[in-house]
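All remarks here apply to the structure that follows.
The values are calculated or read from the model by the stated rules, or taken from the named source; none is laboratory data. Quick caveat: nothing in here was measured; it's all calculated off a predicted structure. Please note: Cβ atoms are built from the backbone with ideal geometry, for glycine as well, and neighbour counts cover all protein chains shown. What goes into the accessible areas is simple: the full protein's heavy atoms, side chains included, and nothing from ligands, DNA or RNA. Shrake-Rupley method; radii C 1.70, N 1.55, O 1.52, S 1.80 Å.
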Amino acid sequence: MRGTLALWLVLGLVGCGDDGGTSGAGLGGSGGQGVLCNVNAGSGSLAFVDNSIAWGLGAITGSPANQALAAVDLNGDGYPDLVVHGYADRMPVDLEVPFIRVLLNVEATGGGRTFVDFTAESGYPGLADDSSTEYRAAHFAAFGDVDADGDLDAVSGTFNSPSAPLDAPSYAIDRTRVLLNDGEGRFSYAPVSDISPESAAGVASISLVDIDLDGRLDVFESVWYTRSGGGSKQPVFFGNGDGTFVDRTKAYGVDGAAFRRPGFGTAACDLDGNGYPELLTQSYGREPNMLWKLESDGFVDLGVSSNYAYDANQSFADDQVFLCWCQSNSGDARCAGAPEPAVACGAGLPSWVWGVSDQPENLGGNTLSTVCGDVDGDGRLDLFTGEISHWWAGESSDATNLLLRVAGDELSFEVQDRAQLGLDWVHTSSLWDEGGLYTNMADFDHDGRLDLVVGASDYVDQYLMLFHQLEDGRFEEVAASAGIDHPCASSPVVADFDRDGDLDLVVGGSLWREFCNEAWGGSATEPGVPELRFYENRAGESSRSLGIRLRGDGVTSNRDGIGAQVTVVSGGRAQLRELNAGHGHFSMQDDTVLFFGVGDCETVDSIEVRWPTSTLETQRFEDVPVGALLEITQGAESVVSKLP
């Protein structure tokens, strides 16, 4: 049936322009139904069904470590496919249970949709150099059209761990590579360029983004520690438009010694609304996160001034490392009133060093993921960070949290009070750990409000958490009541896989630590089996949404519209979304279709697209009917409904 659904419905042009207008986040709703409909008329609750078996994922297991997922349309049929990575070394081509999978989303026998294995046919794993029996070590990927031919290519990352033996195959040989798509989901290597360096690097995340708005996608990487133990530079590579890239890290000012941090995640989004993306590095080891803003002479780091680097709580009075130092130096005035430590000092804890450990730049968090989105509906992009934190590090250690953009010309965020917002975690012991490795967001119940997802993993009692945004802007954690029971969750990705109008979740699993092994049915002698699960959303049965797919011209903007900001006004209320490609730890990637919940509205008042071009070309359409997947082509005179 897919081939017969090329029904194109002109939905009404009002105007388009290229005068560099803004995203229109504060647009009024004067057209269509206006305030006569209720964009906030969602289902009132979230409901998912575990349909993993029906979707062909019943035999797809996780990896010993965390999985990395991408939900992207590889063959251009309009349906998101699934690319699955496990963190492991090279994979034999005949491995019975492969840890790299390319799964195509196809029509199922008897109706509906399902995934089928397309790994070998896709060529995505790519044979290792000088081998016909092994695939290269590939741990995650970001997808975008890097050669402007109309399909999604892959920038496939390899994490060369600095602790790996020098003779380990992946460390000694394999590198991050670019793979070009032929339009049908079959990949081949692009020529080797700067993005595949001779020396190994612990690349932990990749975001595809057009940094200089020249119409060609660039790459921003996050890199882990070096073998010498210090932090790494966080490189930027500028695209040539043919799948090759040039290292511009030094030229853009992000190569200095002060900016070498252990990076574990990336994000790229236009936070100040000027059209140019900011680049965000999530730093580990309590070191400051970095927020790069492009100025006339290169990037400047606004991490500290924007409050993204770390939160304002710098008290180390309950830090067990500090208390252990005081135990050995009880007469020091700085330890006055310090209680006895609650740990066995010297049991693997780091050392306390005055002038270092007590400084703000070492009292931040262990940040692994950041996702951007307008959570409070004020027309400005906010940040939701994922953090690993431990009871013994004390209150100064940053926790997984929401950072709301502050109004004004200066780029600044306000770190929220988790308890007040309903974002607190339940601790089952006083000796708690929080493994906030992954964060994502989406409007799952179509009420016009973004909900928040945390892939919590690695530690005791860590499960996927789903925070449903309520009418008053607070949140309620509802994963279990919504039908999601997923321990040690990794890389939760969001897409409308069946194109029924609501957003589904696919979540990976991990055996990284003892609890995770037990939670997935393992024991001391037998490993558990972490499952890749498909949680199908039921929101489409009770409320409406609008899906928008963008098509750039491939010259002044990239083909996929990555970096575009879209504002939809319905029922007099504006919603802002930005299209991104790869965020957070090991580069989660969602479907490139942007979704807007519109409650009971049958028509949206307006749609405005600000394209990622040097002129910030803007198009606007009014009185657009809801109920189909819409496609907006840069410069076109109308919005088109295209099924799927």
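Each part reduced to its alpha carbon centroid, segment 89-113 and segment 189-232 end up 28 Å apart. Using the Cβ-Cβ distance between residue 334 and residue 472 with R0 = 51 Å, the FRET efficiency computed as 1/(1 + (r/R0)^6) comes to roughly 0.75.
Cβ-Cβ distance of residue 638 and residue 514, R₀ of 56 Å, FRET efficiency by 1/(1 + (r/R0)^6): the value works out to about 0.45.
Our coupling estimate for segment 433-450, obtained by passing each phi through the Karplus curve with A = 6.51, B = -1.76, C = 1.60 and θ = phi - 60°, is 10, 10, x, x, 7, 9, 10, 8, 8, 5, 8, 7, 10, 6, 9, x, 10, 6 Hz, Gly and Pro reported as x.
A cut-off under 11 angstrom between Cβ atoms defines the neighbours of residue 513, and their net charge, with Lys, Arg +1 and Asp, Glu -1, is -4.
The longest part of the chain holding none of the exposed loop GluC sites (Glu not before Pro), meaning those outside H, G, I, E and B in DSSP with at most 10 other Cβ atoms within 10 Å, is 199-409.
What is the extension gain from residue 358 to residue 428, computed as 0.36 nm multiplied by their sequence separation minus the C-alpha to C-alpha distance, in nm to one decimal? List each step's numbers first, then the result.
Working: separation 70, 0.36 × 70 = 25.20 nm, distance 2.93 nm.
Gain on extension, residue 358 to residue 428, equals 22.3 nm.
Go ahead and collect, in residue order, the members of segment 190-219 whose backbone nitrogen is under 17 Å from a label point 7 Å along the Cα-Cβ direction of residue 250. Answer for segment 190-219: 194-199.
Where Lys and Arg each count +1 and Asp and Glu each count -1, what net charge lies around residue 290 among other residues with Cβ under 15 Å from its Cβ? Before the final figure, lay out each step's value.
Details: positive: 233, 260, 261, 286, 293; negative: 221, 255, 278, 287, 295, 301, 361, 398.
Once all neighbours under 15 Å are counted, the net charge is -3.
Its convex hull of Cα atoms gives segment 192-351 a direction-averaged projected area, equal to a quarter of the hull surface, of 12.0 nm².
For 642, 293, write out the residues from largest to smallest accessible area, computed with a 1.4 angstrom probe and no ligands counted.
642, 293
On a per residue basis, segment 313-353 carries 57 Å² of accessible surface, using protein heavy atoms and a 1.4 Å probe. For the pair residue 182 and residue 149, the difference between a 0.36 nm per residue extended length and the Cα-Cα distance amounts to 11.0 nm. Of all lysines in the structure, those lying under 16 Å Cα to Cα from residue 250, and not within fewer than 8 positions of it along the same chain, are 233, 293. Close amide H contacts of residue 557 (hydrogens built in the peptide plane, cut-off under 5 Å, sequence separation of 5 or more or a different chain): none are found.
Just the accessible area per residue of segment 576-644, please: how many Å² with a 1.4 Å probe?
Working: 1680 Å² over 69 residues.
Value for segment 576-644: 24 Å² per residue.
A simple spin-label model places the labels of residue 485 and residue 198 5.6 nm from each other, with each point 7 Å out along Cα-to-Cβ. For the listed peptides 377-385, 454-462, a ranking on the average number of other beta carbons within 10 Å per residue, highest first, reads 454-462, 377-385. Between residue 376 and residue 614, residue separation times 0.36 nm minus the direct Cα-Cα distance comes to 82.8 nm.
Could you work out what % of the accessible surface of segment 470-513 is carbon and sulfur, using a 1.4 angstrom probe and leaving DNA, RNA and ligands out of the count? If you can, show how the numbers build up before the last one.
Details: 630 of 1430 Å².
That share works out to 44 percent.
Scanning residues 5 or more positions from residue 232 or on other chains, those with amide H under 5 Å from its amide H are 226, 261, 263, with H placed 1.01 Å from N in the peptide plane. Taking a ≥ b ≥ c as the square roots of the eigenvalues of the Cα gyration tensor, segment 495-644 is prolate, since a/c reaches 1.5 or more and a/b is larger than b/c. Using a/c under 1.5 as the rounded threshold, could you call segment 291-403 rounded, prolate or oblate? The axes a ≥ b ≥ c are square roots of the C-alpha gyration tensor eigenvalues, and prolate needs a/b larger than b/c, oblate otherwise. Prolate.
Annotation for segment 409-486: trypsin sites (Lys or Arg not before Pro) lying in DSSP loop with at most 13 further Cβ atoms inside 10 Å of their Cβ are 474. Distance distribution P(r), the chain, all Cα-Cα pairs, bin width 20 angstrom from 0: 20, 56, 22, 2, 0 percent.
When only alpha carbons are used to place a centre, segment 460-504 and segment 585-603 end up 14 Å from one another.
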